[in-house]
Amino acid sequence: MDLMETLRRLTAAYGPSGKEDEVAQVIQELAAPYCDELRRDTLGNLICHRRGRGPRVMLSAHMDTIALVATHVDEQGYIRVGGIGGISPDRVVHTPVRFQNGQGGVVQAQADVEPGKRKRSDLFLDVGVAGQEQAQRLVQIGDAAVFDTHLIQLGHRVSAPYLDNRAGCAVQLAAMAALGETDNDLYFVFSVQEEVGTRGAKTAAWAIEPDYGLALDVTPADDQPGSKHLVSSVLGGGAAVKVMDGSVICHPWMVERLMQLAQQKGIPAQRDVIRAGGTDAGPIHLNRAGVVTGGISIPWRYGHSPMELVDLRDVQACADLAKAFLESKLEKVC
């Protein structure tokens, strides 16, 4: 699977939390050759099943993104917005956006509020019209706007919108495509509504009832200027094996198994600790009586901005490590 082309398609697809149909369709087309069954559940999770007689393993990479949602159209035609997920006002000002119907706009902020003091309520969209009636023909209350920026390649690295978590989706697809023989019963979940509370993974885990869980996501990098070392992973350091974050303390057996596999297979890997935030590992490990859960993450810069950044070598390392885990012999841990 061509990682660059996969990332290009995934980052271009519309898919804010709650409206993931377009990106789900792209993923379904890419995943179909590699699984026995595909289905969408009630919340919209895309679940791809590769049947096996061994332990049940659930992987999860969320396909939804943060976005801006229209809340009011004023008399001048400016559109006031709220946030879907973690929107930082100063990171999104002057960014081009688009709605699902193709209507474009630009994020702006009230001129009387200084950078650093802006709130979401100070943001508005200029969609290029001069009155309320015109704007209301283009945008309805509740419509969601996503960043209308595009992927660029920077040597071994790529910068693009929504690498959180289209990069994790690419990892899961690449692992599926490369997977060899395994007895394990595999469920590849592309989950919804992670950005607003890891909701999709919770219902998917309840339905699947896995023996093992593995969340594939991004993780903040510790190699930006001015880092206060609140996180531990760096770009180019390989797959980030999650130890803990704000939602989960990963099962020690899972951390050890992933690090051992990385060493055995010659896959670059590093241990990942972040003090806040979370992934689909949170709801998975708390499912029913508990699930042996871990995480493989891609170090990532400039999170929740219009142009995030990852290293393609780390993306490939994550895919290789996920593949190695899925092909390994798994038995009951406890």
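Report the semi-axes of the equivalent ellipsoid for the chain in whole Å, largest first, where each axis is √(5λ) for an eigenvalue λ of the Cα gyration tensor.
Numbers: eigenvalues 250, 89, 60 Å².
One finds semi-axes of 35, 21, 17 Å for the chain.
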Just to confirm the number: angle between the C-alpha axis of helix 312-327 and the first principal axis of the chain, 0 to 90 degrees, nearest 10? 40
Can you return the aspartates and glutamates within cross-link range of LYS19? Criterion is Cα-Cα under 19 Å, with same-chain partners fewer than 8 residues away left out. GLU29, ASP41, ASP64, ASP143, ASP148, ASP164, GLU194, GLU195, ASP280
Return the Cα extents of region 1-53 along principal axes one, two and three, sorted largest first, each rounded to a whole Å. 36, 30, 13
Report in % the part of the accessible area of the chain that belongs to carbon and sulfur, leaving out ligands and nucleic acids; probe 1.4 Å. 49
The Cα extents of region 224-334 along the principal axes, largest first and rounded to whole Å, are 43, 31, 23
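Rounding to the nearest 20 debye, state how big the charge dipole of region 197-272 is about its Cα centre with +1 on each Lys and Arg Cβ and -1 on each Asp and Glu Cβ. Walk me through the numbers before you get to the answer.
Details: 7 positive and 8 negative charges, 5 e Å.
Approximately 20 debye in magnitude.
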Calculate how steeply helix 21-31 sits against the longest principal axis of the alpha-carbon atoms of the chain, using the helix alpha-carbon long axis, and give the answer as 0 to 90 degrees to the nearest 10. 30
Please compute the modelled spin-label separation between GLN136 and SER88, points set 7 Å along Cα→Cβ, answer in nm with one decimal. 3.7
Let me have the 222 nm mean residue ellipticity of the chain computed from DSSP H runs of 4+ only, each contributing -39500 (n - 2.57), with the sum over all residues rounded to the nearest 500. -8500 deg cm²/dmol
Please compute the per residue accessible area over region 1-129 with all protein chains in place, 1.4 Å probe, rounded to a whole number of Å². 45
Measure nothing fancy, just the Cα-based angle from helix 163-178's long axis to the longest principal axis of the chain, in degrees from 0 to 90, nearest 10. 30
Along the principal axes of its C-alpha atoms, what lengths does region 20-138 span, in descending order and rounded to whole Å? 63, 33, 21
Whole-Å distance linking the alpha carbon centroid of region 199-221 with that of region 100-168 is 29
For region 231-332, with +1 on Lys and Arg beta carbons and -1 on Asp and Glu, the positive-most of HIS251, VAL234, GLY303 along the dipole: HIS251
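To the nearest 0.05, how large is the calculated FRET efficiency for MET4 and LEU43 if R₀ is 22 Å and r is the Cβ-Cβ distance? All intermediate terms of the calculation are to be shown ahead of the outcome.
On the way: r = 30 Å, r/R0 = 1.38.
Rounded to the nearest 0.05, the efficiency is 0.10.
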Please give, to one decimal in nm, the separation of the simple spin-label points placed at ASP36 and SER227, each 7 Å out from Cα toward the Cβ. 4.3
Rounded to the nearest 20 debye, what is the charge dipole size of region 1-88 about its Cα centre when +1 sits on each Lys and Arg Cβ and -1 on each Asp and Glu Cβ? 480
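The values are calculated or read from the model by the stated rules, or taken from the named source; none is laboratory data. The shown structure was predicted, so the numbers you read here are calculated from the model rather than taken from an experiment. No Cβ is skipped: glycine too gets one built from the backbone with ideal geometry, and neighbour counts run over all protein chains shown. Protein only, heavy atoms only, side chains kept; ligands, DNA and RNA dropped before computing areas. Shrake-Rupley method; radii C 1.70, N 1.55, O 1.52, S 1.80 Å.
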